[in-house]
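> So that we are looking at the same thing, I have put the structure below in structure tokens.
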Amino acid sequence: MRRPSPSHPTRRRAGPLALSLALAVGLGGCSDPAPERPSVVLVTLDTTRADHLGCYGYGKNTSPRLDGLAREGARFDLCISSAAVTPVSHASIFSGREPQNHGVRVLFAAAGYRLPDDVPTLASVLRAEGYATGAFLSAYPVSEEFGFDRGFDVFDNGIGEPAEGKMQDQDGFAGWDTNRFQRRSDDTTVAALAWLETVDEPFFLWIHYWDPHDPNLLPPVEHVRRFVPGFERATTWNVPLYDAEIAYMDEQFGRVLDHLDASGRAADTLVAVTSDHGEGWYEHDWHAHRILYQEQIHLPLILRGPGVAPTTVPDLVRSIDVFPTLLELAGLPVPDGVDGRSLVPLLAGEPDEPRLAYADQLNLWDTNARMLEKRPQDDLLHVLMDARWKLIFRPLRPDESELYDLDADPDEAVNLYRPDHPEGLRLRAELERRDAFVLEGFGEAAGDGERSDALRELGYIDDGDDG
Ligand SMILES: [Zn+2]
């Protein structure tokens, strides 16, 4: 990697002024230079539901920096995830494909959990175009174990760096005596900013933050007290603590924005922020994810940078649309096989064909899905939805499927499913076309190796309700 000069010159795409300046200094006769590409920063906020951010209407001040980004850029008001488990959802963000087409179907099994080498990803495409690529992550479920390292020059998975004092001093939760498989957003941010100092444009930076995933990785106590007055240590996992973790993550994300500003790179860098899934807080008798109500799959999505004018987009969009959108904004072609569709027309305020969003959870075939002991009805879940109608189809128990009119019933409280409901039939027919049902599993995961150790230490295997 090249080390840049201490202050980065601001690089802009060639406009009329730049062109005339180039001609004026006699460069007009040179052979065509390579087109300048914007740099790209993608931030995935694990376990962050849209409606706990200020820019999505939340009443508490959890996200001043994300709110600022949304004011300067484009906020998508209805972005739907492809899954509610970390690696499956991230694979869709990175490949632009629905799960049945990228191949990551579960968190834990003998197969079906790893991104195949022949699926192009944002990282592999951008590196092939000459981008410096770096990933700075915060937890095991997005590690190389799942194939997310492909395409990255530097892949810092956040594993194996114990952070003394960042849990034990503050945390009363059972079993956590190590930080080996996760790290707090401040540590991830320090590593990412150090890498930014070493690379020239264009670069692609992926930051994954994990703080809101569970109560063990706590912000500093004084920070938590802003949301939980009198806080001393976590004795229960609750909404104020979740909000405090989102706010701490937002503060760390703000350091990335500040760095882009201070280095003169902000104007030439696309910043995309989204999440992999949300988190239930008992709206449907369930805390955590792995099911597919809106609190689990309605994501934030914010874009800012070259080619993105400030706007809000009410249309239904999907996390699979992020990949083709970033490529189009970078002036690059989209590979074959992508299910997502560029959001650039919506960014420009142009009419665009409405989208259908697909999501699934193959909990039955995920050997880590202990939650089925409590929710056996959620063995196999497939969602297909438009902006109004949402079908949650259960192929092994179709009579227990669900249909919601989100216009009339945004809380998904009144199940309208019946086999002959015309909206249900329409969505069911579209669902069948996707050929996404999996009625045989991927096999038992073998042994008690490193993979099992990692999941156990993250709390998955013993009491794993989520991922
Ligand atoms: Zn996640």
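All of the numbers you see were taken from the coordinates with simple rules; none came from a lab. This is a predicted model, so every value here is computed, not measured. Neighbour counts are summed over all protein chains in view; Cβ atoms, including those assigned to glycine, are modelled from backbone coordinates with ideal geometry.
> Taking amide H atoms as placed 1.01 Å from N in the peptide plane, list the residues 5 or more away in sequence, or in a different chain, whose amide H sits under 5 Å from that of Gly331.
none
> Enter the Cα centre distance for the pair segment 316-348 and segment 63-138, rounded to the nearest angstrom.
Segment 316-348 and segment 63-138 have Cα centres spaced 13 Å from each other.
> Short version: ³J(HN,Hα) in whole Hz for each residue of segment 414-429, in order, from phi by Karplus 6.51 cos²θ - 1.76 cosθ + 1.60 (θ = phi - 60°), x for Gly and Pro, what are they?
10, 6, 9, 5, 8, x, 10, 5, x, 5, x, 5, 4, 5, 4, 4
> P(r) tail for segment 35-355, what percent of Cα pairs lie past 33 Å?
Summing the P(r) of segment 35-355 above 33 Å gives 18 percent of all pairs.
> Can I ask one more? Please report the equivalent ellipsoid semi-axes of segment 324-368, computed as sqrt(5 x eigenvalue) of the Cα gyration tensor, largest first, in whole Å.
29, 15, 8
> Could you run the Karplus curve 6.51 cos²θ - 1.76 cosθ + 1.60 with θ = phi - 60° over segment 362-375 and give me ³J(HN,Hα) per residue in whole Hz, x for Gly and Pro?
So the J values, rounded to whole Hz, are 9, 4, 4, 9, 9, 5, 9, 7, 5, 4, 5, 4, 8, 10.
> Once you keep just the Cα pairs under 8 angstrom separated by 6 or more residues, what percentage relative contact order results for segment 302-405?
Numbers: 137 pairs, mean separation 19.6, N = 104.
Over segment 302-405, the number comes to 19 percent.
> Additional query: Please list, in chain and number order, the residues 5+ apart from Thr133 or on another chain whose amide H is under 5 Å from its amide H, with Hs placed from the backbone.
When sequence neighbours closer than 5 places are left aside, the close amide H contacts are Asp153, Val154, Phe204.
> Among the chymotrypsin sites (Phe, Trp or Tyr not before Pro) within segment 221-291, which fall in a DSSP loop and have no more than 10 other Cβ atoms within 10 Å of their own Cβ?
The qualifying sites are Tyr282.
> Based only on Cα atoms, what Rg/Rh ratio does segment 198-332 have, Rh being taken as Kirkwood's radius?
1.01
> Further, regarding this structure: What nm distance separates the two modelled labels at Glu222 and Trp281, each placed 7 Å from Cα along Cα→Cβ?
Between Glu222 and Trp281, the label points sit 2.6 nm apart.
> Now for a separate question. Given H placed on each backbone N at 1.01 Å, which residues far from Val43 in sequence or on other chains put an amide H within less than 5 Å of it?
HN-HN under 5 Å from Val43: Ile207, Ala272, Val273, Thr274.
> What FRET efficiency comes out for Ala348 versus Glu197 if R0 is 45 angstrom and r is the Cβ-Cβ distance? Round to the nearest 0.05.
0.85
> Can you quote the Å³ per residue value for the convex hull of the Cα atoms in segment 307-402, rounded to an integer?
150 Å³
> Can you give me the Cα centroid spacing of segment 256-300 and segment 418-443 in angstrom?
After rounding, the separation between the Cα centres reads 28 Å.
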